[in-house]
Structures are given as structure tokens and as C-alpha cells.
Amino acid sequence: MRNATRGLAYEEALLFEQSQPGRRGVDLPALDVPEVDAAALLGQAFREEPAELPELSEVDVIRHFTRLSTWNAAVDLGLYPLGSCTMKYNPKINERLARLPGFALAHPHSPAAQVQGLLQLIYELEASLAAISGLDRVSLQPAAGAQGELAGIMMIRAYHESRGEPRHKVMIPDSAHGTNPASAALNGYDVVSVPSGSDGLLHPEAVEAAMNGDVAALMITNPNTLGLFETHIGRVCEIVHAGGGLVYGDGANLNALLGHSRPGDMGIDVMHFNLHKTFSTPHGGGGPGAGPVGVKEILAPFLPVPLVARDADGQYHWDEERPQTIGRLHGNHGNVGMLVRAYAYIRSLGPEGLRRCTEMAVLNANYLLSRLRGAFHVPFEGSVMHECVLSDRLLAETGVTTLDVAKRLIDHGYHPPTIYFPLVVAGALMIEPTESESRESLDRFADTLLDIVRETHEDPQAVMAAPQRTRLSRLDETRAARRPVLRWQPDPKE
Amino acid sequence: MGDYEIPEELRYSREDEWTKSEDGRVTIGVTDYAQQQLGDVVFVELPEVGRSLEKGEPFGVIESVKTVADLYAPLSGEVLEINEALVEAPESVNDDCYGEGWMVVISIADPADQSELLDRAGYLQHIKDRADQDQ
């Protein structure tokens, strides 16, 4: 059975273009209280010109957004093999529990006594994440992985400063995520790139050569972005610690470790968790992010506030009295709805279920790799963890590139994998199937990729012209990046 | 290995920058190999005039539809001029990397640094070695 077939797609104009003067979604009843003079009340703040908002009926708006939603790719529609993003299925029980009124309707400023259940959940989620990662304390405040990472490096900086020993450099392997150097740079650190070996791994000798008394930290992702377990991690952490530095663990690939190994045991001092990757909360537009940050005891004084504490009599309260804290990262207590979903996921699977998730994620990635090896170049041999990296090298003579293969996958109803990342592999395709996929689903995807490779040799032009079955054919991404049109304007000439 | 235009009269860094030296002023850009590897360039971030560059340190950023890469200073020196036109027309890096696509002009601190740069043959060999290493 094919994964995608013909279908009717709707065109849809912008709301501004559909606007009709005077059209409304609701009719308000006549005013039954005395009218006031808004201009007099508001003074200078009174707006003379009405805002140019689109005027539409309710059904116009509902159809608009429903039509736009049919243009979406989503993990509820099919395999979404975006490497390094862990696009796993989001179980519906998470949604059900997040909608319980005690969670969904809690106000951020409610007195602690009125939200004991929610505080207990936060307290227990912290304990769960600490147990899973082998760290001592966890702040659930950061609103996304990148903010968790920023917080982690801020704590590292605060730690060194508290010892009267500010340092200026952060070491980052060349296979790292782009957020790593960004977090270091935002904290005023210079980035030292550490080359990985020809086997794709970080070697102790390379770390030793770059380590000195001015290095505040090493930032490392394990497994790394090539999907390879950093087997020298223990020795690498020892070298950094011996030089007075700390080790930051990027938690993006935690899905490969659950219940099998713990970053804290490897020697990592601080890491972030992407709840939307590892713990099945919605990604991107599906919901706000959540990027808790966990630390070893030595960094606990610097954690963002507030944390949740439990009294001797079993009552929970906000703990803000932490003089060395790096401060607040969020107006309230983090994106709490996401915390409820992650908690639901962890509790519904339990330790054994989480361990099985990782096993299935690793098995699925290796199964795909074994089916695709030969058709695609595999830059680093050996078995992988939860994702695999291929390249377009074997297609070079046809003129077809990784980008073309990715576009052709869209014609078959698949969201493309991550492409041209990690940067250390030219023409990389980075595939992460996750544990959500069955053998049949993986086989359909592998068959599709093998068909595309066959087509690449028989009819390369067809692949280079993809996508053909989408509502719009290939977009001019270069022009979009060079000359972006970021918002609608009444008159583009203005 | 693809076909790259590598002019005889320029000198090259191992990080794929070209340099052209005239009376102590050195013009710097990225090579044809680099622009082909990057693909369509969409953004170039350059240092401020007057900043001093340290050989081997990043001094700017080049972004294409595929990737983002640091620009590494092939020589130490002070920035005299930057190519402001690249802000509006980053495509010059693809269209004319040795001409309109130049990036900065620096005054070099130590002319002896230049002896470590590669000539055409040396740079082509470097490209080939790197490709072999990836095999």
C-alpha cells in the first residue's frame, strides 16, 4: 500500500484579504450601562485611527484555520523521522490529564495551599527527572531546551565566579548542535571547537589538548549527533574535571539512554531535558516547549527559582530563598501544562516502559540503517543508538543531492529527515524513527527511500523536480532567505 | 572531486579563504570550493572596521540555505574595510567569489605569517586530502 495518494487540497487566502467591512463573528446586545467617553478616560493613550484588523464571521475564521491545518505534516499523520528532534507520538492520555480542571484552570498566582496537587506533581517530576538522569536537583522553569541550555551555562559561569576564578572558554565538539556555541557565546564565552576522530567520536587526547585553566566547561551530547555513543565519555569528563572545568550534557538525545545509562553517572554536571523530545510533549507549534535543567549538588545553589519544596508535614511550597540563584527564567513557573504531560508519560510507562522505549528506539534506528546501507553512503560504520546518519555520496554522479531526496520524500507523504546536519558529514541525511513506529511502518519508509534511490539512477530529473504532488511545488528557499517577506502590509510600497 | 576555479595569483588558508596581498593590504574572501560546498549564500556577517583579527580565530559568519559556517582569519591584522554590499547582495559570494564577493581588507601585523598560506597547488592538494580522509 502506498503511503500517500491523490487528494483535494484547499487554497486559502490570508484573513486580511478575506476581510469585508462590517462583517462580525458576534452581534453584541445593545449597551445597558451608561456609555463613557473613552477618549476622555484614556487621554493620550486613546487611539484615533482604528487598528486595521480583518473583519470576518466565525465560520470564515474556523474554515481558515481548519484549511491551514490540512496543509500540516504532523506526527499524528505519519512517520516524522526528523533526526535529533525525537518526533515521537504524543500519547492522548497526556492530553486528557493536562485538561483536568485542577491542572488546566490553576492560576499561576494561586496560593500554594490551593494548588497542592500541582505542586506535588512538579515536586515528583523533578524527582523523576533526577532519577532518570543521575543528577541531584532539577529546575522545571526553562521554557525550551535552548533556554535550559542557557541556564546551564549561566550556572557554570556563576559557579566559577563564586570561586573567584572566572574562565573564558567553552569546549564544544565539532559535531555539536548549533545551540551549544550560541549558549556559550551568550554567556560571554569564547568557543573552542574540538575535532572528533575519524570514527566520529570525541577522543580523550583531543580534549586533553584543548583543556586548560581558562576552560570553564565542555559541552557534549551523548549519544552525539551522529547517533554514536561517546564511549570515552568517562575519561573525557575526568580530564575536564581534573582541569577545574565542568561538563555540560546536551539532553537532546536522552531518548537513547532511558533506563540504561545516566548522564550523571558518566560525569556530567549539568544538562537540559527536552520534554518535547524525550517525554512526548508536543513539538513546535503544537505547544510551548519545556526544557528543565538538572544539576549535580555543586551547582544546586545556582538553580533558577522558584523550586518546589516539601515540608515535614507533607505540604508543598515554592522555594525562592536561594541567595546564589541565577534568578528567574520565566514569568511564572515554567510551561506547566507541558510538565503535566511529561509527568503523565513517565508515570504511565514507568521505569520498565521507559527502558523499553529506548530499546525500541535504538532497534528501529539500527533496523532502518541496515535496510538503507548500500543504497546510501554510511559515513561512520558500526551500530548506532537512536538515530542514523547517511549521506548522498553514492548518488553524486546522478547530480541528485540530499535536498532532492528530502523533497522527493514529501511526494510520498513523509516529512523529510533532518538534512545537512551534522555539519561534519557532507550531504547528511539524519534519520530518527523513534520507538513509535512498527516494523511495517519502518519497512514502508525504507522501501520508499530505496525506490527514490532507484529513481535517482533511472530518472534523476524527476527527483530533482520534486515535490510534484504537493499543493505548491519546490519553493525558492534561497529567495525566501535573502528577501524575506515577514508580514502582511496594507500596501507593500509603504 | 568537482571542478574548482583556484586562481594562481592568490594564496589560500586551510579553512578555504583566499587572500590577495597588495602593499601590506590583504583582501580576504572565500574560495570557489567553499562557495560550492556551502550552496546559495543568504547571509554574511562581517567584523567592524578597526577590529583586530587573530590568525585562526573566527571573524565572521557565512550562512547558506544548507548550513552556517564561521569565517576564520587566515592572517592576523586590523580590519581596514568590509564589503558592505554583501549585506544586500550575499549572492555575490556565489556569483563572483574572487571579485564582488570579497569580504574584508586587513592590514597585516606580520608579513611572515603569509608564508604559511598555501599556493594553488598546495590548496588543491589540501582539498583532495580532505576528500580522501572522508572516504
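Among the conditions (1) modelled with pLDDT under 95; (2) in a strand (DSSP E or B), residue A:138 misses just one, which is (1). For the criterion of being within 25 Å of the chain's Cα centre (by Cα) and over 21 Å from residue A:288 (Cα atoms), residue A:210 fails. Which one of these is under 30 Å from residue A:386 (Cα atoms), out of contact with any Pro (no Cβ under 7 Å at 6 or more places or on another chain) and assigned to a loop (DSSP other than H, G, I, E, B): A:9, A:4, A:30? The conditions single out A:4.
Based on what the data block shows, is residue A:371 surrounded by 13 or more Cβ atoms within 10 Å (Cβ to Cβ), in a helix (DSSP H, G or I) and in the same structural domain as residue A:100 (by TED's automatic domain parsing)? Criteria not met by residue A:371. Selection of the range A:182-236 for residues being part of a helix (DSSP H, G or I) and surrounded by fewer than 21 Cβ atoms within 10 Å (Cβ to Cβ) yields A:182, A:185, A:186, A:204, A:205, A:206, A:208, A:209, A:210, A:234, A:235.
Residues satisfying the criterion are absent from the range A:122-131 (criterion: exposed (fewer than 13 other Cβ atoms within 10 Å of the Cβ), of a type in the set (Asp, Glu), more than 19 Å from the chain's Cα centre (by Cα) and farther than 30 Å from residue A:443 by Cβ). Selection of the range A:151-171 for residues being aliphatic (A, V, I, L, M) and buried (at least 24 other Cβ atoms within 10 Å of the Cβ) yields A:151, A:153, A:155, A:156, A:170, A:171. Determine whether the range A:389-405 contains at least one residue that is under 19 Å from the mean Cα position of the chain (by Cα) and either within 14 Å of another protein chain (Cβ to nearest Cβ) or under 20 Å from residue A:449 (Cβ atoms) (or both). For the range A:389-405, residues under 19 Å from the mean Cα position of the chain (by Cα) and either within 14 Å of another protein chain (Cβ to nearest Cβ) or under 20 Å from residue A:449 (Cβ atoms) (or both): present.
Residues that are farther than 25 Å from residue B:23 by Cβ, among the small types (Gly, Ala, Ser) and in contact with a Leu (Cβ under 7 Å, 6 or more places away or on another chain) within the range B:66-112 comprise just one, B:69. For the range A:291-302, check the following and say yes or no: at least one residue is modelled with pLDDT of 95 or more, touching a Pro at 6+ places or on another chain (Cβ under 6 Å), assigned to a loop (DSSP other than H, G, I, E, B) and surrounded by 15 or more Cβ atoms within 10 Å (Cβ to Cβ). Yes, the range A:291-302 contains at least one residue that is modelled with pLDDT of 95 or more, touching a Pro at 6+ places or on another chain (Cβ under 6 Å), assigned to a loop (DSSP other than H, G, I, E, B) and surrounded by 15 or more Cβ atoms within 10 Å (Cβ to Cβ). Go through the range B:112-121 and give me each residue that's surrounded by 13 or more Cβ atoms within 10 Å (Cβ to Cβ) and part of a helix (DSSP H, G or I). Hits for the range B:112-121 are B:113, B:114, B:120. None of A:460, A:484, A:490 is within 14 Å of another protein chain (Cβ to nearest Cβ) and more than 30 Å from residue A:196 (Cβ to Cβ) except A:484. Within the range B:122-135, residues that are at pLDDT below 90 reach partners that are part of a helix (DSSP H, G or I) and surrounded by 12 or more Cβ atoms within 10 Å (Cβ to Cβ) with beta carbons closer than 9 Å, at six or more positions or on different chains, in the pairs B:134/A:393; B:135/A:393.
The values are calculated or read from the model by the stated rules, or taken from the named source; none is laboratory data. The structure displayed is predicted, hence computed values, not measured ones. So basically every Cβ, Gly included, is an ideal-geometry build from the backbone, and we count neighbours across all protein chains shown.
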